[in-house]
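Let me begin by presenting the structure, written as structure tokens, before commenting on it.
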Amino acid sequence: MDNVKELLNNPRFNFIEHDIIEPLNTEEKIDEIYNLACPASPPAYQGKKAIFTTKTCVLGALNMLELAKNNNAKILQSSTSEVYGEPLVHPQTETYRGNVNPIGIRACYDEGKRCAESLFFDYHRLYGVKIKVIRIFNTYGPMMNPNDGRVVSNFICQALKGEDLTIYGDGSQTRSFCYIDDLIDVIVAVMASEDDFVGPVNTGNPEEFTIKELADLVKEKINKDLKIVYKHLPADDPTQRRPDITLAKAKLNWEPKIKLNEGIDRTIEYFDKKFKGEI
Ligand code: UDP
């Protein structure tokens, strides 16, 4: 609610609190649906929320697709780079079918999102629903929850509080981090694209960093004297990840503009103000 509080007085904004595991019927005519619902942070979807995560992915997709079908609305699914699992193809192209452990602790999210993709394409084939499927790679930026648990917010919040930075494993695993504004630009572009462009399309920043490099960057910017502590690497944590964004460039004329260095500065500024109570 904190993130939408500025919108609540806007007459063109209407907030409906609803769990999409249950069907949703609205009186109002719907033109476009962006299905972003799901816990997305590994510590959030692993453990107690695992079954809830599968339900949100699968039943949620089903309910939103029904809503789209009944309204003749376009619907965009926020899928994920997790559909590639522990990738054996690098960088990952949309044609790569992935290497997911179906019984592991990430499976609720990975397989849930994979099942959601299949539902989207079946609704498209069987009922002609206008779908868009994007596969979002690691994204970060202001307005993340400080307790989200993902690596960028963890490192920045730890550093601002003077705490040790927690690297899981040896820090040699890689990720490619996309700044939120770039991601929003591509989401809007995908929704506005021709109806025959359904995806899936990779959306992310193709610059790849090790987690150790990210920790060093955050230390450099906030406090060089901070310590790094090495913790247990969670099961099935992917070794490497980088999107091939050739398709998004060709179809949408999109590529990320904000480099990690700048995006991290903006994110530090946000958390710094938040901790000082200025926002
Ligand atoms: N990670 C880490 N320290 C943290 C949080 C995460 O070293 O405090 C690692 C995590 O094990 C993974 C990478 O950073 O290898 C990215 O994790 P995140 O949870 O941000 O997203 P994921 O790509 O795993 O969904």
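No lab work stands behind these numbers, since they all come straight from the coordinates. All values derive from a computational prediction rather than experimental measurement. In this analysis, Cβ positions are derived from the backbone assuming ideal geometry, glycine residues included, and neighbour counts consider all displayed protein chains.
Sort out which residues of segment 191-207 are in contact (Cβ under 8 Å) with a residue 60 or more places away in the chain and either touching a helix residue (DSSP H, G or I) at 6+ places or on another chain (Cβ under 9 Å) or closer than 24 Å to residue 169 by Cα (or both), and write them in order of number. Scanning segment 191-207 gives 193, 197, 198, 199, 200, 201, 202, 203, 204, 205, 206.
Keeping to segment 222-252, report how many residues are in contact with a helix residue (DSSP H, G or I) (Cβ under 7 Å, 6 or more places away or on another chain) and exposed (fewer than 15 other Cβ atoms within 10 Å of the Cβ). Walk me through it before giving the result.
Step one: list which residues in segment 222-252 are in contact with a helix residue (DSSP H, G or I) (Cβ under 7 Å, 6 or more places away or on another chain), which gives 222-223, 226, 228, 234, 241, 243, 248, 252.
Filter again for exposed (fewer than 15 other Cβ atoms within 10 Å of the Cβ), leaving 223, 234.
Qualifying residue count, segment 222-252: 2.
Just give me the residues in segment 65-96 being surrounded by 23 or more Cβ atoms within 10 Å (Cβ to Cβ) and acidic (Asp, Glu), in sequence order. Once the filter is applied, which keeps residues that are surrounded by 23 or more Cβ atoms within 10 Å (Cβ to Cβ) and acidic (Asp, Glu), segment 65-96 yields only 82. Within segment 115-143, the set of residues being more than 10 Å from the ligand (Cβ to nearest atom), in contact (Cβ under 8 Å) with a residue 24 or more places away in the chain and part of a loop (DSSP other than H, G, I, E, B) comprises 129, 130, 141, 142, 143. Taken over segment 195-254, residues that are under 18 Å from the mean Cα position of the chain (by Cα) and in a helix (DSSP H, G or I) amount to 2.
Residues that are surrounded by 14 or more Cβ atoms within 10 Å (Cβ to Cβ), among the β-branched types (Val, Ile, Thr) and more than 10 Å from the ligand (Cβ to nearest atom) were ranked within segment 159-187; the one that is nearest to residue 146 (Cα to Cα) is 180.
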